[in-house]
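The values are calculated or read from the model by the stated rules, or taken from the named source; none is laboratory data. Bear in mind that the values here come from a model prediction, so they are computed numbers and not experimental data. Using ideal geometry, Cβ is built from the backbone for each residue, glycine included, and neighbour counts are taken over all protein chains shown. The protein model used for the area step is the full one, side chains on, heavy atoms only, and it has no ligands, DNA or RNA in it. Shrake-Rupley method; radii C 1.70, N 1.55, O 1.52, S 1.80 Å.
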Amino acid sequence: MEANFVIDLGKKAQVPIISFSATSPSLTSLRSPYFFRVAQNDSSQLKAISAIIRAFGWREVVPIYIDTDYGQSIIPFLIDALQDVDARISYRSVIPPMATDEQIEQELCKLKTMQTRVFIVHMPPNLGSQLFTNAKEIGMMSEGYVWIMTSAITNSIHLIESLVLRDSMQGVLGVKTDILETSELENFTIRWKRKFHQDNPTILNVELDVIGLWAYDAASALARAIEKAWTTNFGFEKTTTSSNSTDLAISLNGPKLSKALLSTRFNGLAGEFSLHNEQQQSSNFQIINVNGNGERVIAFWTPENGLIRKLNSTNESMYSTSKENVGPIIWPGDSWCVPKGWEIPPNGKKLRIGVPVKDACTEFVKVTHDPSTNTKHVTGYSIDIFKAVMETLPYAVSYEFIPFAKPNGDSAGTYNDMVYQVYLGKFDAVVGDTTIIANRSNYVDFTLPYTESGVTMVVPINDNNRKSAWVFLKPLTWDLWMTSGCFFVFIGFVVWVLEHRVNDEFRGPPLHEIGTSLWYSFSTMVFAQREALVSNFARFVMIIWVFVVLILTQSYTASLASLLTVQQLQPTVTDVNQLIKSGVYVGYHEASFVSGILKEMNFDENKLKEYKSIEECDELLSKGSANGGIAAAFDNTPCMKLFQRKYCSKYTMVGSIYKTDGFGFVFPIGSPLVSDVSRAILNVTEGEKMKEIEKKWLGEQTNCPDSNTQDSSGSLSFASFSGLFLIAGIASLSALIISVSMFLYKERQQILIRFNSESSIWRRIYHTLRIFDRRDLSSHAFRNSAPRNGVDSDHVIGTTDASTNTNCPQNSSRFLVHTNSHFSFSEESGMPTRESGDPNPNGQAFQLALAIELSDHPNQESPKTPERALENC
């Protein structure tokens, strides 16, 4: 008040007013061009204080300040600084300038019953000393408390008695103006102390504080300004005023002197002297910790770098609020542990936890009345989660559940109404199936969610049990059917090629051979093949193919069984827009926020129906929209899952129509419990406790089919068996190529001898196929087991008798063909001739006998008749 009066007087008289001790931020608002403040504005230190708050993660503080304009003027600036670091003021404690110990103790006891344990003290040193002494007496200087002093105390901390420092202020933090130690300052301090002791020999242990340095710099600045504005006339001009006003003279050289002060620059004892907007610019601050009989510097704060461990550090390139840049701190109670900034008062009241009262989804919260004790019992999934979370906290929290109900026991309102009670202060928290949504977060804080999120639609289902006449085609896709059929034909062809020359069961008329090959291949599906295989190549191919068929048939059987036994659930409605366009009735829980969402989605308000319980919801869905019921029901996902679990044979969920953040616990905005409870929720949800609670209240997972996955598991595709078909194909082709190669090599003379180089390629191929169509008489399958006519059975490949073979000419003799007798038919005569170099004389006999037999039958057709006769006989 004195400063305001003098500043206003100087403005009217145009006389410069220089202050070296007025630090109140409110003086800036006067905006007088004749007021010059050499002292630092108190608001400049608030950034340093907020950096400390941010570094240790405190969310709430209580300012304790003197009840004057000086103390009150700093609060608006403190609020702004705390908002920048996401902190807030939970309570303001005002101490009268002439407060007694009883008044101070009474105010401190009130603070002790509150949760906040971070206090910012802004008052003169003498009142601060009294405050800390009383705080020590009532136990508020113990572990868990945080005290931060402004420069109003720390800049003059030497004025506080050492006994108070040692006994009542241990562990207190403070923000102090940083003064650079220079030789000039050291010399001046020595000279000043010497002069002071000469003038005041009875005063000992005096210290020169920063206010004294500002006073010396202010006097130096004024002297320099007068030298600049030197004039012989320092007179005043008397103004003409009315009879009712006080006469006031105006300085003739005041404006000139003011300009000289603004332009004055020099290195003073307190640092660089420079007035900008009539104020000394902000400087650096020390962060001190009171230990023993004095203070210890633990960090520095600068406007450019924030918190730093040392000044002039070259590795600081950006603004920092990290506690890593703060040195070790001894907190109140001689503790090295950082206080969390709040506590649940041991003698304080219990937390009032509001819980919903409802009939639907009672697995989450259920309120029952005990007539014997006339008390309310609250149980449920959400309640057990909350209790487990509270037990996980590193400190004890007392609470009680209060149902949000009317005197008659009915619900007192919607969930929004219940949440709003926290904002009004009637509840300290809300626990239940409370969904985290944006508009609620405007007036309360939510913890992290402990359930999944979303709003879901539930609709009746159509039971399509695949009773079509063509259901047997459904297990396999069309590409797998085509591939399987092609492979059955291909395997039949391969087996025929491998067995035709050595196995009589694969010989005969063309249609018979085709039927036999296909029959043999397809009969492997039921393993009913009766033809014996002779070729080892064919046996190898069938081993691979039978394995493929086994896998294919088993997979087909399993898929078909699934299609015939599992319900194919299809929702009656899959799109919300379809419901809106058709104008059918839909339902929602009466106390849920879903009604607002449905209205935002343009549902007709007249088509919305409330239900109180899941039984009523089932009744409405069963009736249908046309019969006074509803076509779909909407609610949060956890509740709808409970509903579907009970009625899974009748209804199904159709995705999420609205995104939310799940269920969370509600606390007041800025509550320090939010962060701790959120961390505890993570610990509970990631542990075994969560599974136990889910099993207790939500039950085991049912075997209800999910309509969203029915179609995806219906048919088997070719991609699932491509590897098996690849193996079968490679094995079959390999056996086929090797067998054909061996045939061509073995019959190379018969293939090449008949045709010369001028023969057409088609004729040669035809001849090769004719040779392939013959029996391989050298195969063990056609050899006789005993010698005949004195010839070893290993050399006999076949015998025949005209009397038993109708294909032979009548009256033919028995022929004996030796394997070493190589013959061919002459192109000119058609008679068999022995090849040159044949050592077997039986060839001559064979040639003669065949010639005689043919000569007895002159009616035989063409020169090729002998060859054909030989094949048939």
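Could you list, in sequence order, all residues of segment 487-502 that are without any contact (Cβ under 8 Å) to a residue 40 or more places away in the chain and of a type outside the set (A, V, I, L, M, F, W, C)? Gly492, Glu499, listed by residue number.
Residues of segment 250-264 that are without any contact (Cβ under 8 Å) to a residue 40 or more places away in the chain, closer than 13 Å to Glu227 by Cβ and either of a type in the set (Phe, Trp, Tyr) or not in a loop (DSSP other than H, G, I, E, B) (or both): Lys256, Ala260. Tell me, please, whether a residue that is surrounded by 12 or more Cβ atoms within 10 Å (Cβ to Cβ), among the polar types (S, T, N, Q), more than 30 Å from Ala591 (Cβ to Cβ) and over 37 Å from the mean Cα position of the chain (by Cα) can be found in segment 322-330. Within segment 322-330 (the criterion being surrounded by 12 or more Cβ atoms within 10 Å (Cβ to Cβ), among the polar types (S, T, N, Q), more than 30 Å from Ala591 (Cβ to Cβ) and over 37 Å from the mean Cα position of the chain (by Cα)), the answer is no, since none of the residues qualifies. Which numbered condition in (1) open to solvent by less than 30 Å² (accessible area, probe 1.4 Å); (2) more than 24 Å from Ser43 (Cβ to Cβ); (3) out of contact with any Ser or Thr (no Cβ under 9 Å at 6 or more places or on another chain) is the only one that Trp336 fails? Of (1) open to solvent by less than 30 Å² (accessible area, probe 1.4 Å); (2) more than 24 Å from Ser43 (Cβ to Cβ); (3) out of contact with any Ser or Thr (no Cβ under 9 Å at 6 or more places or on another chain), only one is false for Trp336: (1). Among the criteria (1) in a loop (DSSP other than H, G, I, E, B); (2) more than 34 Å from the chain's Cα centre (by Cα), the one Lys358 does not fulfil is (2). Among residues of segment 387-404 that are of a type in the set (Gly, Ala, Ser), those with a Cβ under 6 angstrom from a residue that is assigned to a helix (DSSP H, G or I), sequence gap 6+ or separate chain, pair up as Ala388/Val684; Ala388/Lys689. When Met457, Met482 are checked against the criterion of being open to solvent by less than 30 Å² (accessible area, probe 1.4 Å) and among the hydrophobic types (A, V, I, L, M, F, W, C), a single residue qualifies: Met457.
Taking segment 1-24 as the range and being part of a helix (DSSP H, G or I) and within 17 Å of Trp214 (Cα to Cα) as the test, only Ala3 passes. With respect to the conditions (1) modelled with pLDDT of 90 or more; (2) open to solvent by 40 Å² or more (accessible area, probe 1.4 Å), Ser675 lacks only one, and its number is (1). State which residue pairs qualify: first residue touching a residue at least 24 places away in the same chain (Cβ under 8 Å) and in a strand (DSSP E or B) and inside segment 284-308, second residue surrounded by fewer than 20 Cβ atoms within 10 Å (Cβ to Cβ) and among the aromatic types (Phe, Trp, Tyr) in any location, beta carbons under 6 Å apart, and separation of 6 or more residues or different chains. Listed pairs, sorted by first residue: Gly306/Tyr319. Considering the conditions (1) touching a Phe, Trp or Tyr at 6+ places or on another chain (Cβ under 6 Å); (2) among the small types (Gly, Ala, Ser); (3) open to solvent by 20 Å² or more (accessible area, probe 1.4 Å), Ser26 is excluded by exactly one of them, (1). Condition check for Lys176 on (1) outside any strand (DSSP E or B); (2) open to solvent by 10 Å² or more (accessible area, probe 1.4 Å): one failure, at (1).
Kindly provide the set of residues from segment 656-685 that are in a strand (DSSP E or B) and within 15 Å of Val594 (Cβ to Cβ), ordered by number. Within segment 656-685, Ser656, Ile657, Tyr658, Phe663 qualify.
With respect to being more than 27 Å from Ala135 (Cβ to Cβ) and part of a strand (DSSP E or B), Phe36 fits the description.
Every listed requirement among (1) open to solvent by less than 50 Å² (accessible area, probe 1.4 Å); (2) in contact with a Pro (Cβ under 7 Å, 6 or more places away or on another chain); (3) modelled with pLDDT under 90 is met by Glu452 save one, (1).
Just one of the numbered conditions (1) in contact with a Pro (Cβ under 8 Å, 6 or more places away or on another chain); (2) not in a loop (DSSP other than H, G, I, E, B) is not true of Met114: (2). Taking segment 252-280 as the range and being of a type in the set (A, V, I, L, M, F, W, C), more than 21 Å from Leu213 (Cα to Cα) and open to solvent by 30 Å² or more (accessible area, probe 1.4 Å) as the test, only Leu252 passes. Consider segment 70-86 and keep the residues that are touching a residue at least 40 places away in the same chain (Cβ under 8 Å) and in contact with a helix residue (DSSP H, G or I) (Cβ under 6 Å, 6 or more places away or on another chain). The one that is most open to solvent (accessible area, probe 1.4 Å) is Phe77. When restricted to residues that are open to solvent by less than 50 Å² (accessible area, probe 1.4 Å) and at pLDDT below 90, segment 180-199 contains 0. Scanning segment 437-449 for residues that are within 21 Å of the chain's Cα centre (by Cα) and open to solvent by less than 20 Å² (accessible area, probe 1.4 Å) returns a single hit, Thr447. The residues listed here are Leu46, Leu82; of these, the one that is under 28 Å from Leu213 (Cβ atoms), assigned to a helix (DSSP H, G or I) and not hydroxyl-bearing (Ser, Thr, Tyr) is Leu46. The single condition among (1) in a strand (DSSP E or B); (2) open to solvent by 50 Å² or more (accessible area, probe 1.4 Å); (3) under 30 Å from Ser562 (Cβ atoms) that Glu400 does not meet is (3). If you check Asn134 against the conditions, is it at pLDDT below 95 and assigned by the TED database to the domain that holds Phe300? Judged against the criteria, Asn134 is not a match.
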